[in-house]
Structure formats: structure tokens, C-alpha cells
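Data block below; observations after.
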Amino acid sequence: GTIVGDLIYESLETVFVILANPTNAVVLNSTGRVRITEDDSIPYVSIDDVSLTEGAPGIVTQAVFNVRLSAPSGVATMIAYTTSNRTASAGVDYARQSGGLTLQPGATTGSIFVDVIGDSNLESNEVFIVTVTNVLNALLAKPSGVCTIVDNGLTELESFAWGTIASPQQTGQPFTVS
């Protein structure tokens, strides 16, 4: 038989050859094992950066971090991940998260979803990161994805006072509020 090469990284492969029904001979060991050594490059894994505008106060939006393999793989690729603060605070600006992601054989992308919490604080843009660790069946090319939360520009109105309002009022006519 012929062993046909491919371009997909895969685990060690084994082929068994069985000899049967010999002519003018005796088979003493009928089974032979052939191991096919992997000659394809192991893929690299990386995580993309994300930028999103935070929602209105109390509204949750999701930051979607795409995890990518440099090439398809014939074996499952597994990673662990965790979020960490930079200028954004877990529990206030985003939901702290850690977990695992598995890319099945043949898949080249997967996603990590992190909830971002909207507020009414007037603030500069904030940042948190997702760090990829414990990679199995791939090499780590870009270990951290940065999420930039762009401020929504909404602020809380603490109080206001009505000015003198002339009577009668006409539709479309301004009056003073401070």
C-alpha cells in the first residue's frame, strides 16, 4: 500500500498489516504494525482584540473574542482562558470569567463571550484582557486579547430645577431648566 501525505496536523497514526492465506509458506507472526510519523506543522493559536461601545446603564452587551488556529488540525485543540482587569473593573464594567474552549478537528475558529456592563459614568475608555493558557495540540502565537470598552457618553442627571414658566405655554416654545 501507499501512505498518502496531507497538510493537516494529527496525532500518531498506526496501520496494521495482516498476512493471511500464504502459498508455499508458513506465517509465524501474521500481524505487523506500521507507525506513521507526523510531518505536518503544529498550528498556532491566537486571540483577537475587541472594541465595543458600552450599552446604556444596566444593559449588558457581549465582547466576542475570536480564537483562531493558523491551519486546520486533525486533532481537537483545547485552551484555557481567564479575564483580568487593566483600567476596567470586573463586576462593575464587565463580568469576570474563566473557562475552556475546544476547537474540534478541522475547525479554525472559536469564540469567547464576555459580558460588558453599561453604566452612566462619564469616563475615558476602559480596558480588560482575556489571556489564553494551557494550550493543547497547538502553539501559542498571541496569548492575550484586549477589549477596549468605549464610553457611551451617557451621564446621570443628579438634579434639576425649573425656571419660571410663563403661562400659557405654546408648543415648540423653549423654557428654562437648570
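Ranked from largest to smallest solvent-accessible area, with a 1.4 Å probe on the protein heavy atoms, Phe65, Phe16, Phe113 come out as Phe16, Phe113, Phe65. For the stretch 110-150, the equivalent ellipsoid derived from the alpha-carbon gyration tensor has semi-axes of 29, 11, 6 Å in decreasing order. What the Cβ-Cβ distance of Thr155 and Thr82 gives, at R0 = 25 Å and to the nearest 0.05, is a FRET efficiency of 0.20. Placing a pseudo-label 7 Å from each Cα along the Cα-to-Cβ vector at Thr171 and Asn21 gives an inter-label distance of 9.7 nm. Inter-label distance, Ala95 to Phe113: 0.9 nm, where each label sits 7 Å from its Cα along the C-beta direction.
A Förster radius of 25 Å, combined with the Cβ-Cβ distance separating Arg68 from Asn121, puts the computed FRET efficiency at roughly 0.15.
Peptides 91-98, 19-26, 124-131 ranked from most to least packed by the mean count of surrounding Cβ atoms within 10 Å: 124-131, 91-98, 19-26. Using R0 = 41 Å, the C-beta based FRET efficiency linking Ala141 and Thr31 works out to 0.45.
Using the alpha-carbon positions of the stretch 26-130, Rg (one decimal) and Dmax (whole number) come out as 21.6, 87 Å. The accessible-area ordering, largest first, of the residues Thr171, Thr83 stands as Thr171, Thr83, per a 1.4 angstrom probe.
The values are calculated or read from the model by the stated rules, or taken from the named source; none is laboratory data. Every value quoted in this text rests on a predicted model; they were computed, and no experiment measured them. All Cβ positions, glycine included, derive from the backbone under ideal geometry; neighbour counts span all protein chains shown. These accessible areas exclude ligands, DNA and RNA; they are computed on the full protein's heavy atoms, side chains included. Shrake-Rupley method; radii C 1.70, N 1.55, O 1.52, S 1.80 Å.
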